[in-house]
Each structure stands twice: as structure tokens, then as C-alpha cells.
Amino acid sequence: MNTFEMRTVIHFGDNSLDRLRILPYKRVLVISDPIVVQSGMIDLITAPLQKGGITYDLFYDVVPDAPVGKISEGVQKFLEFQPEAVVAVGGGSAIDSSKAIREFALKINNYGKVGLIAIPTTSGTGSEVTSFAVVNDTEARVKYPLVSPELTADEAILDAELTRSVPPSVTADTGMDVFTHALESYVSTTHNEFSSALAEKAVEICGVFLLRAYLDGNDMHARQKMHVASCLAGLSFNTAGLGLTHGMAHQLGAVFHIPHGRANAMLLPHIVEFNSNINKQSRSQKEYPPAVKRYTNIAHILGLSSYNEVMSVRSLVNWIVFMLKEMNIPQSISEMKTITPDVYFTSLDKMADMALADSCTANNPRIPTKEEIIKIYTQLW
């Protein structure tokens with residue numbers, strides 16, 4: 001028996017932040033990051049809380065990649081304030097941190113249910129509707145995915161106005177994260193009809209609106225569409241899982257602090273070729289891996305050539321590369337010029353081990369060996 005469940009109530013569209021005025025809580029802890037606070041964007045959150053007569057406190061010492069030390073500080077703040085709910089505002093790191101803070105605090109002092117309202121300020125992670133969170137052990141340079149239904153937010157508020165000031169580079173990285181979530185969940189070994197429908201719609205939106213949002217940050221129609229696509233892709237991978245792209249990207253983020261969406265984008269063309277076993281030297285075959293048909297479907301949704309399976313997969317890979325070029329995302333580690341060859345290649349053995357052990361890798365349509373992962377990392381250089 002399979003089960004598809006949506007645990008999160010989603011508010012979206014114009015004026016969706018008005019939901020904060022009528023929350024069924026009287027005491028909330030707002031968790032965010034310094035950029036949201038210093039930019040004044042936090043006022044869009046606190047103003048409706050004040051109008052609703054809701055008492056709030058603010059913890060905004062959140063940094064990228066949700067380090068364990070900062071989560072501990074958040075837990076202390078939670079225990080001191082004892083909120084009825086947490087309002088998480090920010091990108092994936094802020095929302096993941098909020099999930100972990102609430103989860104760990106309740107394990108220390110379980111005084112009943114504490115609500116979680118997630119408000120993303122980027123269109124990328126889908127964390128507002130997933131049961132996943134990623135925390136980072138900065139000393140060991142390892143990222144740990146947490147998975148539990150209890151991590152899922154009770155409500156999500158999708159207001160694209162919060163994404164208006166997101167710079168083009170972040171729009172590109174997070175947008176490709178959306179596409180990667182949709183594509184990986186679509187070819188995952190645990191995909192189903194519900195996850196596939198969500199992934200297909202997310203892919204369709206990315207194909208039309210991602211480049212528009214990148215080229216013009218004030219195109220609020222494109223911004224809102226990408227905000228919805230991010231949520232749809234999150235709902236898809238929450239039930240179907242992800243794959244090797246994420247398993248390998250987590251290590252690039254933990255070891256070299258490459259932004260997560262960017263690491264996914266750079267790896268994705270290589271993983272599509274690996275999963276399909278189709279590359280520039282391929283010719284028509286009698287049989288292809290099961291993922292090839294699904295990649296062909298994605299190519300069709302994007303309006304790409306589908307003359308045969310080989311052409312469809314190559315067209316999909318070329319489309320991904322085109323998007324990287326158009327949005328100035330590096331295609332290789334060497335192109336970034338921030339990592340030396342010695343440091344990179346001496347890290348491959350450990351990163352390959354961690355990628356194999358990463359929970360995302362288990363759902364990949366083609367199970368890799370350690371040597372194959374090292375080969376992909378090498379190609380990425």
C-alpha cells in the first residue's frame with residue numbers, strides 16, 4: 001500500500017501574509033536570518049502579528065547551512081521564550097534551522113504541541129512543505145539530512161513579495177534547485193502518480209518562468225509562479241524522495257560551501273547522463289534504463305526534441321547546460337576559481353563515501369559505485 005499525504009495547509013497569492021493576523025496562537029517565536037531583519041523585510045512579518053495582538057520574540061542568528069552550534073542557540077531561545085508556535089522566515093537554512101530548533105527543544109522539554117508556520121523568502125528549497133531538514137556539522141564538514149513527519153510545517157505562506165529583492169544569482173541557484181527537485185523526484189525509484197503530477201507541473205513552470213524571473217526580478221508574475229513551483233516540487237520529493245544529484249551536492253556544500261542549488265545545477269547534467277547511460281557517444285539501443293522514458297517525458301514537457309530516446313535525453317542535458325550558461329552558473333569547479341585542484345581531488349574519496357551513505361542516493365534510479373561517484377566528481381572539475 002502506498003500513501004500520499006499533505007500535512008501542510010498552504011496560503012498563497014496576493015496578501016497571503018494577512019494570515020499572520022489571525023493565527024490561532026498568542027505567543028510565537030519568529031526565526032529568521034540577519035538579511036531579512038537588516039533589510040526591513042521582517043516588518044512584513046511582525047506588522048500583521050502586532051495587528052493580531054500576538055506576542056512575539058525574534059531569533060535571527062541563523063546562518064547558511066544550518067550549523068549545529070547555531071541550532072543549539074536557537075533551542076536555548078525557544079526554551080526561554082516557550083512559544084505556542086514558531087514562524088520560520090527565510091530561505092532553506094532558516095526554515096531547516098527552525099524545524100531542527102523546534103524538534104530538539106521539544107525533545108528536551110515536551111510541554112505539548114508547538115505549531116510551525118513556514119514563510120519562504122526564496123523560491124527553491126520547498127522546505128516549507130517537506131518532512132526534511134539538513135543540519136551541518138561544521139567541524140566534521142558533514143551535512144546530515146533529518147527526516148521525520150514531525151518536521152513538517154503545519155502551515156506555509158507563499159507570498160512572492162518576499163522574493164522581490166532576491167538577487168539574480170540567488171534566483172538562478174534556487175530556481176535550478178526547484179528544477180532538480182522536480183526532476184529527481186520524477187525519476188526516483190519511489191515515484192508515484194501524485195508525486196509525478198506535481199513534478200511535471202513544477203517542470204512546466206520552470207521551463208516558462210525561471211529565466212524570466214532571473215532576467216527581471218520585478219516580474220512578479222514570474223516570481224509568484226516560481227514560488228508555487230518550488231512548493232509543488234517540495235510536495236513531490238517529500239513523498240518520492242530525491243537522488244544522486246542531492247547526495248553528491250550535499251558533500252560539495254559541506255566541504256566547499258558551494259550554495260546548494262548551484263551544486264545541484266552543476267551536477268545535474270552529469271547525473272542525467274549517468275542515470276540514462278546515454279551520452280554523446282550513444283547510439284539507438286533496443287532497451288534503455290527505465291529512467292530514460294521519464295527523462296523523455298520531461299523533455300516533451302519542456303518542448304524539446306523527442307525524435308528518439310537518445311535525442312530526447314541529449315536535448316534535456318543541453319537545455320540544462322543552456323540554463324546554466326544563460327544564468328551565469330559555473331559549469332565546473334575549476335571555473336569557480338575558489339578551490340585549488342589539490343584540495344578538491346584529495347577530498348574526493350571522503351565525499352564519495354558520504355555521497356553513497358547519503359539518504360537521497362538510495363532513491364536514485366541507478367545505484368552508483370564509489371568509483372562511479374568519484375568519476376562524476378572528477379568530470380565536474
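So the values come out like this:
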{"item": "Tilt relative to the chain, helix 168-187 - C-alpha long axis, 0 to 90 degrees, to 10", "result": "70"}
{"item": "GNM result for the chain, Cα springs below 10 Å: residue of Asn15, Asn364, Asn297 fluctuating most strongly", "result": "Asn15"}
{"item": "Per residue convex hull volume, Cα atoms of region 19-58, in Å³", "result": "57"}
{"item": "Inter-centroid distance (Cα atoms) of region 346-374 relative to region 1-68, Å", "result": "36"}
{"item": "Value of relative contact order over the chain, rounded to a whole percent, pairs C-alpha under 8 Å and six or more apart", "result": "15"}
{"item": "Protection proxy ranking of 240-247, 116-123, 251-258, 37-44 - average other beta-carbon atoms within 10 Å, highest first", "result": "116-123, 240-247, 251-258, 37-44"}
{"item": "Per residue accessible area in Å² of the chain, where ligands, DNA and RNA are left out and the probe is 1.4 Å", "result": "42"}
{"item": "D_trans [Stokes-Einstein, Kirkwood Rh over alpha-carbon pairs] for region 189-329, 37 °C, 0.692 mPa s, µm² s⁻¹", "result": "205"}
{"item": "Nearby lysines by direct alpha-carbon distance to Lys113 (threshold 21 angstrom, same-chain neighbours under 8 apart not counted)", "result": "Lys26, Lys77, Lys99"}
{"item": "Exposed-loop-free span, longest in the chain, where GluC sites (Glu not before Pro) count as exposed if DSSP calls them loop and at most 14 other C-beta atoms lie within 10 Å", "result": "140-286"}
{"item": "Equivalent-ellipsoid semi-axes of region 1-81, from the Cα gyration tensor, Å, largest first", "result": "23, 21, 15"}
{"item": "Antiparallel bridges, percent of DSSP beta bridges restricted to the chain (to nearest 5)", "result": "20"}
{"item": "Cα pair distances of region 200-278 binned at 10 Å [whole percent]", "result": "17, 38, 38, 6, 0"}
{"item": "Top of Leu158, Leu324, Leu183 by mean-square fluctuation, Gaussian network on the chain, Cα under 10 Å", "result": "Leu324"}
{"item": "Cβ-placed point charges (K, R +1; D, E -1), dipole of the chain about Cα centre in debye, nearest 20", "result": "480"}
{"item": "Cα centroid separation, region 167-188 to region 239-278 (Å)", "result": "10"}
{"item": "Accessible surface of the chain, 1.4 Å probe, proportion on carbon and sulfur as whole %", "result": "53"}
{"item": "For q = 0.09, 0.10, 0.12, 0.15 Å⁻¹, Debye-computed log10 I/I(0) when each Cα of the chain counts as one equal scatterer", "result": "-0.49, -0.61, -0.88, -1.35"}
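The values are calculated or read from the model by the stated rules, or taken from the named source; none is laboratory data. Everything numeric here is computed off the predicted structure, so don't read it as measured data. Note that each Cβ is placed from the backbone with ideal geometry, even for glycine, and that neighbours are counted across all protein chains shown. Ligands, DNA and RNA are excluded from the accessible area calculation, which covers all protein heavy atoms including side chains. Shrake-Rupley method; radii C 1.70, N 1.55, O 1.52, S 1.80 Å.
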